[in-house]
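For reference, the structure discussed in these notes is given below.
Every number here is computed from the coordinates shown, using simple stated rules; none is lab data. Given the structure is predicted, the values throughout are model-derived calculations rather than measurements. Neighbour counts run over all protein chains shown; Cβ positions are idealised from the backbone, glycine included.
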Amino acid sequence: MAEYSLLSLLKNAWSGNRDWKPAWRKPDPKPEYDVIIVGGGGHGLATAFYLAKEHGITNVAVLEKGWLGSGNIGRNTTIVRSNYLLPESIRFYDFSVKLWENLSHELNYNVMFSQRGILNLAHSPAQADDYIRRGNAMRHGGGDGVWLTPAEIAKKVPGVDLSQNARFPVVGGLLQPRAGTARHDAVAWGFARGADRRGVDIIENCEVTGFLRDGDNVTGVKTSRGEIRAKKVAVAVAGSTGRVMRLAGIDRLPIESHVLQAFVTESLKPFVDTVVTFGGGHLYMSQSDKGSLVFGGDLDGYNSYAQRGNLPVVEEVMSEMVAMFPSLARVRLLRSWGGVMDMSMDGTPIITTGPLPGMYLNTGWCYGGFKATPASGWLFAWTIAKNTPHEINAPFTLDRFHRGAIIDEKGQGATPKLH
Amino acid sequence: MQITCPYCGPRDLAEFAYQGDANRTRPDPASTDQQVWNAYVYDRTNPAGEHREYWQHAGGCRSHLLVVRSTLTHEITSVGFVHDKTPSPARSRRRGSSKGAGA
Ligand SMILES: Cc1cc2nc3c(=O)[nH]c(=O)nc-3n(C[C@H](O)[C@H](O)[C@H](O)COP(=O)(O)OP(=O)(O)OC[C@H]3O[C@@H](n4cnc5c(N)ncnc54)[C@H](O)[C@@H]3O)c2cc1C
Ligand SMILES: [Zn+2]
C-alpha cells in the first residue's frame, strides 16, 4: 500500500488519479483471533491500530455492523479540547491532545487537525469565576488556559454580540489555544488504514448478535457472518453499549442512551476562525474548511436509540446561535442529523477490563468522545494487552460507581445528561 | 413528538419536562447495603424499545406522568398519572394516536 507523499500525489495526478488503491482490505473473517474488537467507530479502530503498533498484537479483527464511520465518528461536530477541571480528566484529555498533535504524521494520513482554539463565553460574574477556576486548574495540570476580556474577544471573534443590552451580556471568555477541530471521517479512515497495513482485519457489514461463552468466560462472538472465536473480546460500540452488553447478559450499566443533534449551514466566507461556545445556554460552533458553520447544543433530553431528534431542541439551538451572532439570523440551514450517545452517570468515560472474564469495555463517551479518540484507543489497547488499566485510565474503570469514586466534573450527582 | 396528557389532551413535546427512568425501585430506606444503593443510584436498564419513564406536564397542568414510550420509534403506548402506578392505555388512546414519532 502506497505511502501518501508529495511524490505519490504527483504520480497519481499524472495518471488521472485512476491508480489509487483502496486504503484497507475487505477480508473474510477468520475462525479465530487473539483479539476481537466489536465496533468500527473511531475508538474501535484506534484501539486496533495501537494494539498492533504499541503491543505487536496483530491477529486482530474489528467487527462493524454497518460501514466504517457510520456511527458517531462520522456524526460529530469535530471539536478537540482538554479544558477540564478535575485532575483525572485533565490528564486524560491532555494526553489525547498530545497524540492529536502528531496524529497526521503517525498515521501518514492528513486528519486536518487544526489548533484554532476554543473560546467559552461567560455571561455572568459567577460564570466567569467558574471558568477562571477551570482555566487555573488546566494551567496547574500543565495545560493552556487564557482569560480574555470583552475587548480581546471583540478582536478575536468580531461577530459576537458584546453589547451590554444583550439578553446574556458577555463578561469575558476562557480560551484554550491548543484546542481545535479535526476532519472526523479522516480520523476513522486513517486509523483503519494504519491498522489494516499492520495486519488487522477490518470486517464491515458484520453485526455481533451474541457472545460465545464458556461458563462466565467470553470466548468469542456470534455474528451475522458466523461464529468467531477470540482470546479477548473488546466492546467499543458507543451509543449501542446497552444493546450489545445485553447480548452478554449484562442488563444494567451506569449508562443511558440519548440523542444529540448537529447542524450545518450553507457555506459562508471566512467568518470565525476558532471554536466558540455560548455559556448563556449551551451551544458550540465552528466553521468548516468548506465554509459551513457546524454547530450543536444540548441533548434532546430523553432516552433514545433513534438517530434523529425533535424540533424543540432545533428551535433552542437556533435561538442561541442568533443570540451569540445576531448577524447570522438569515443564514440558511442545510442539514441536521442525530447520533446516539452513551451517556455515563458521572459524565466521565469508562475504559475497563470486564465486566466478564475475557471481556473489555470502552464506553460512556457522552458527547465528547471524538476528542478522546487517540487516547481512548491507546489506553484501551494497553488495558487489553496487559489485562490491567494504565495509570491514566485507572480512575476510569467500571467499578468506580460502586466504590463511590465517581469523576463528576460538574458536581451534579448521578445524572446521564452531563458531558 | 406529542404526549397525550390525561387532563389536557395531546400536547407538544415542548410543554413537557423529562424526569427519567421509571424502572427503578427505591431500596428499603432502612437498608444499609452499599451495593444495593449504588446500583439504585447509578445503574440503568437502558432498553432499546419499550421504556417506562416519568414526564411532567410542566408547561400545562403540571401533573407528573408515567409514560410508556419506545426509545427506538418514540411511539407512546400509554400515559397515566404517577400516583395511579399503572398507566392506562385506554386513557391515552381515547383522543386518538399519540404516536407523534420524532421529527
Ligand atoms: C451530533 C454529535 C456531535 C458530537 N460532537 C462532538 C465534538 O464536537 N467533540 C467530541 O469530542 N465529541 C463529539 N461527539 C461525540 C463523539 O462523536 C463520540 O463520543 C465518539 O465518536 C464515540 O466513539 P466511536 O467513534 O467509537 O463511536 P461510533 O462511531 O458510534 O462507533 C461505534 C460503532 O459500533 C458499531 N456497532 C454497534 N453495534 C454493533 C454490533 N452489534 N456489532 C458490530 N458493530 C456494532 C456501530 O455501527 C458504530 O459504527 C458528538 C457526537 C454527536 C452524535
Ligand atoms: Zn396536562
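Got a sec to turn the phi values of the range A:219-228 into Karplus ³J(HN,Hα) couplings, 6.51 cos²θ - 1.76 cosθ + 1.60 with θ = phi - 60°, whole Hz, x for Gly and Pro?
3J(HN,Hα) across the range A:219-228, in whole Hz: 10, x, 9, 9, 9, 5, 10, x, 7, 9.
Could you order the peptides A:9-21, A:391-403, A:345-357, A:252-264 from most to least packed, using the average number of other C-beta atoms within 10 Å per residue?
Peptide ranking by packing, descending: A:252-264, A:345-357, A:391-403, A:9-21.
What's the ranking of A:276-282, A:330-336, A:233-239, A:140-146 by average number of surrounding C-beta atoms within 10 Å, highest first?
The packing order, highest mean first, is A:233-239, A:276-282, A:140-146, A:330-336.
Nearest 0.05, what FRET efficiency do A:R167 and A:E207 give at R0 = 35 Å with Cβ-Cβ as r?
0.15
Using only Cα atoms, locate the centre of the range A:378-411 and the centre of the range B:43-70, then give the distance between them in Å, rounded to an integer.
One Cα centre to the other: 32 Å.
Go through the protein assembly as shown and flag any cysteine with no other cysteine's C-beta closer than 4.7 Å, please.
Taking the Cβ cut-off of 4.7 Å, the unpaired cysteines of the protein assembly as shown are A:C206, A:C366, B:C61.
To the nearest 0.05, what FRET efficiency results for A:A13 and A:D408 with a Förster distance of 51 Å applied to their C-beta separation?
Once the sixth-power term is evaluated, E becomes 0.45.
By count of other Cβ within 10 Å, fewest leading, how are B:Y42, A:Y84 ordered?
B:Y42, A:Y84
Cross-link candidates for A:K53: which lysines have Cα within less than 26 Å, leaving aside residues fewer than 8 places away along the same chain?
Of all the lysines, those that pass the test against A:K53 - Cα under 26 Å, at least 8 places apart if same chain - are A:K21, A:K26, A:K30, A:K65, A:K98, A:K231, A:K232, A:K371, A:K386.
Report, in whole Å, the centroid distance computed from the Cα atoms of the range A:158-218 and the range A:247-268.
12 Å
Over the alpha-carbon set of the range B:2-81, work out the extent along each principal axis and list the three values in angstrom, largest first.
The principal-axis extents, from largest down, are 43, 27, 17 Å.
With both partners inside chain A, how many of the DSSP beta bridges are antiparallel, as a percent to the nearest 5?
Here the share of antiparallel DSSP bridges comes out near 70 percent.
Quick one: which residues, 5 or more positions from A:R213 or on another chain, have an amide H under 5 Å from its amide H? H modelled 1.01 Å from N in the peptide plane, none for Pro or chain starts.
HN-HN under 5 Å from A:R213: A:T219.
Based on C-alpha coordinates, I'd like the Rg and Dmax of the range A:93-160, in Å.
Radius of gyration, then largest Cα-Cα span, for the range A:93-160: 15.2, 46 Å.
Please list, in order along the range A:206-216, the HN-Hα scalar couplings obtained from phi with the Karplus expression 6.51 cos²θ - 1.76 cosθ + 1.60 (θ = phi - 60°), rounded to whole Hz, x for Gly and Pro.
These are the phi-based 3J(HN,Hα) values: 9, 8, 6, 10, x, 10, 7, 10, 10, x, 7 Hz.
Where does the charge balance sit around A:A375 when Lys and Arg score +1, Asp and Glu -1, over other residues with C-beta under 15 Å from its C-beta?
Surrounding charge for A:A375 is 0.
Can you compute the modelled spin-label distance between A:S224 and A:E101, with each label point 7 Å from Cα toward Cβ, in nm?
4.2 nm
If I model a spin label as a point 7 Å beyond the Cα along the Cα-Cβ vector, how far apart are those points for B:T25 and A:I132 in nm?
Between B:T25 and A:I132, the simple spin-label model gives 5.2 nm.
Cα atoms only, the protein assembly as shown: Rg and Dmax in Å?
23.6, 78
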